[in-house]
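Notes to accompany the following structure.
The values are calculated or read from the model by the stated rules, or taken from the named source; none is laboratory data. Keep in mind that what you see is a predicted model, and the values were worked out from it rather than measured. Here Cβ is always computed from backbone atoms with ideal geometry, including for glycine, and neighbour counts include all displayed protein chains.
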Ligand code: ACM
Ligand code: ZN
C-alpha cells in the first residue's frame, strides 16, 4: 500500500459552507455509485491517495473509491490508473465553493473506451492532438485510435521509406472536394507553392505517446492496408498492381515487396508505439486492379482462391503474422471478419452498423462497437440545412446516447438497427449477441473522420460535446445511463470546454417533435431551453405556448417548434406534419448532402 498527498487547488480560497446543497453532482461519465453528503470540503485540503493492489477484486484495474468529507479527501485504487480517474472525478466536483462532500465507488463498464482521429484527410499537429487527448482523459477514455495513413496524406515518418513523407504527405490543394474534383488527386513536395499537409516526426510521435500515457491513454496506430494507400504509390509505385501512381489506392497482395514494406513499416511503427493492439485498416478495398493484375491472378490460381476477397484475406493473414511475431495483436475494420483464421485476441471494429460487432462477439473475437451511422462524429449533429458540410447523415447527440453497446437480445439489437437504418426495425429480423458472448464486446469508439473538418475549430465543433455521450456509454453501467440526467449536465460541461479553449457545438438543433399516433411529444436537446410551438402554421416566437407535456394529435396538424431561453430563440425550427393514428419518430435520412 502506498500513500501520496497533494493539495486540491480551488478557484478561490473561501469555503462557502452556507447554502449547502444535496443536489446531485454532475459527473460525466456517471460513476457506478454516488452518495452525496451535505456541504463542501474546503480549499487547500490535502487529498490522500492510497494505492492498494488488494482492491483490484472490488474495483478492477481502473476503478477507484473517492471519499470527500468536510475535513478530508481520500482516494483509493488498486492501480495508478484508478487514482488518475479519481482525480478526474475530483476535478469535476470541485467548484469555487469547494469539493462536494460525496462518496463514490466507480469502475468502468468496458476495458476499451476509444476515440479516433483521422489526421490524413486534414492534418492536425501535435498541439491539437494533445489538446484532444487531454480533454478525452477527463472523461476517462483509455484508447486513442490514431488514424495516421489514408488517401489524404501519409502522416508518420518512416526512415526506411523516406518517400512516404517526402512525396506523400503534402497535396496540391487543401479543400477536400476541390482536390477530388481535380481528377487526379495530386500529391506534391512540401516546398511546392500552395502545398497543404504535414506529418509527425518520430520525436513528435514519441511525445504524443508519452503525453497520452501520462493520462492513462494507450495510442493505437493505424496503418492502412490494402486500401486507402494512394500516397504510398507516389513514391513507391511498384507496390501497387499497376506499377504507376494515381491509378489505384490499393497494394498488390501478390507482390512479395509489399510484405517487406509491411514488415519494415510496421517494425518502425511498433518501435514507436508500445500498444499491444496495432490497427491495419482493411476497410473498403475495391479490388479493381487486382482483377486485371497477372500477379494477383497467378496467386489466386496457385492458392486455389475463388474470389478477390480471398486475396484480401491472404494479405490480412500475412499482416497478422507479422504482428504476432512481434508480440502484438491485430485490429482491423469489420471486413477482416472474412478471414476464417482470426485468433481470439483479434479486435474487430464494427463500423458498418452493429452486425460486424455482433458476429465478432459471437465468434469469440474482441468486438469494438463503432457503428458509423451512430457513433461517427463526421455526421451532422444538427439540421443539415443550417450546418457546414458534413458527411452523409444525421447523428445528433441524443441518437449517439441511445446506442446500446451490447445488443445481446433481439430487442436491443433491433433498437440499434432502427438507428442504423433510420426506420423502425422489428426484433424478429435482427442478429444479436448470444448472452454467453456478451463479454466479447471489449468496448466502443467514436470516430472523427476529417474530410469536412478542415481546421481545429471545426474538428472541435464536431467532436464536442458528442464525445461526452460516447464516454458515458463506454464507462457507465447500463442501469446508470439516463439521457435526461446526461443532458441536464451538458451545459455546465460545455462551459468547461469553452473555458479550456474549445470551440463547442452549443445544442442549437431544432427540437425533436414526435408522435406515437395519439400523443405529440417535444424536446429540446438544450435543457436550459423551453420548446415553444404553434399548430396554426405560423412561426413560433417568444409569445407562442410552451410545451409542457404530451398532448393529443387531432386529425392532421402542422407543428412548428423552436427552443427559447427567455425571449431568445436558441435553436433552428422544426416543421413537421403529424397525423392521428400515424407514428412519426425522429428519424432522419441516412444520406444528406445539402445543395
Ligand atoms: C471506415 O469508415 N471506412 C472505417
Ligand atoms: Zn496485383
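Mind checking which residues of segment 335-358 are assigned to a helix (DSSP H, G or I) and surrounded by fewer than 17 Cβ atoms within 10 Å (Cβ to Cβ)? The answer is 338, and nothing else. Considering only residues that are closer than 14 Å to residue 299 by Cα and either away from ligand 2 (no atom under 11 Å from the Cβ) or free of Cβ contacts under 8 Å to residues at least 12 places away in the same chain (or both), which ones fall in segment 236-261? Within segment 236-261, just 256 meets the criteria. Between 173, 182, 167, the distinction of being at pLDDT below 95, more than 16 Å from ligand 1 (Cβ to nearest atom) and surrounded by fewer than 23 Cβ atoms within 10 Å (Cβ to Cβ) belongs to 182 only.
Within segment 473-490, can one find any residue that is part of a loop (DSSP other than H, G, I, E, B), surrounded by 19 or more Cβ atoms within 10 Å (Cβ to Cβ) and without any contact (Cβ under 8 Å) to a residue 60 or more places away in the chain? No, the conditions are met nowhere in segment 473-490.
From the list 391, 369, the lone residue that is at pLDDT below 95, closer than 27 Å to residue 281 by Cβ and within 16 Å of ligand 1 (Cβ to nearest atom) is 391.
Using the structure shown, decide if residue 326 is away from ligand 1 (no atom under 16 Å from the Cβ) and either crowded, with 18+ Cβ neighbours inside 10 Å or under 12 Å from residue 441 (Cα atoms) (or both). Spell out the reasoning first.
Values: away from ligand 1 (no atom under 16 Å from the Cβ): yes; either crowded, with 18+ Cβ neighbours inside 10 Å or under 12 Å from residue 441 (Cα atoms) (or both): no.
No: the conditions fail for residue 326.
Residues of segment 491-512 include at least one that is surrounded by fewer than 19 Cβ atoms within 10 Å (Cβ to Cβ), over 26 Å from residue 112 (Cα atoms) and in contact with a helix residue (DSSP H, G or I) (Cβ under 6 Å, 6 or more places away or on another chain).
Counting the residues of segment 554-589 that are part of a strand (DSSP E or B) and loosely packed, with under 13 Cβ neighbours inside 10 Å gives 4. The residue that is nearest to residue 207 (Cα to Cα), among those in segment 274-297 that are more than 10 Å from ligand 2 (Cβ to nearest atom) and in contact with a helix residue (DSSP H, G or I) (Cβ under 6 Å, 6 or more places away or on another chain), is 278. The residue list 272, 308 contains one member that is out of contact with any strand residue (DSSP E or B) (no Cβ under 8 Å at 6 or more places or on another chain) and surrounded by fewer than 22 Cβ atoms within 10 Å (Cβ to Cβ), which is 308.
The single condition from (1) in a strand (DSSP E or B); (2) buried (at least 24 other Cβ atoms within 10 Å of the Cβ) that residue 104 fails is (2). Scanning segment 282-295 for residues that are buried (at least 22 other Cβ atoms within 10 Å of the Cβ) and either over 18 Å from residue 254 (Cα atoms) or more than 16 Å from ligand 1 (Cβ to nearest atom) (or both) returns 290, 293. Does residue 234 qualify as being more than 16 Å from ligand 1 (Cβ to nearest atom), part of a helix (DSSP H, G or I) and in contact with a strand residue (DSSP E or B) (Cβ under 6 Å, 6 or more places away or on another chain)? When the stated conditions are applied, residue 234 passes them. Screening residue 264 on (1) surrounded by fewer than 21 Cβ atoms within 10 Å (Cβ to Cβ); (2) farther than 24 Å from residue 119 by Cα; (3) in contact (Cβ under 8 Å) with a residue 60 or more places away in the chain shows it passes everything except condition (2).
Taking the criterion of being surrounded by 14 or more Cβ atoms within 10 Å (Cβ to Cβ), free of Cβ contacts under 8 Å to residues at least 60 places away in the same chain and either part of a loop (DSSP other than H, G, I, E, B) or out of contact with any helix residue (DSSP H, G or I) (no Cβ under 8 Å at 6 or more places or on another chain) (or both), the residues of segment 419-438 that qualify are 425, 430.
Pull up segment 359-370, narrow it to residues that are part of a loop (DSSP other than H, G, I, E, B) and surrounded by fewer than 24 Cβ atoms within 10 Å (Cβ to Cβ), then point me to the one that is farthest from ligand 2 (Cβ to nearest atom). Filtering first and then ranking leaves 364.
Of 76, 71, 140, which residue is outside any strand (DSSP E or B) and surrounded by fewer than 24 Cβ atoms within 10 Å (Cβ to Cβ)?
71
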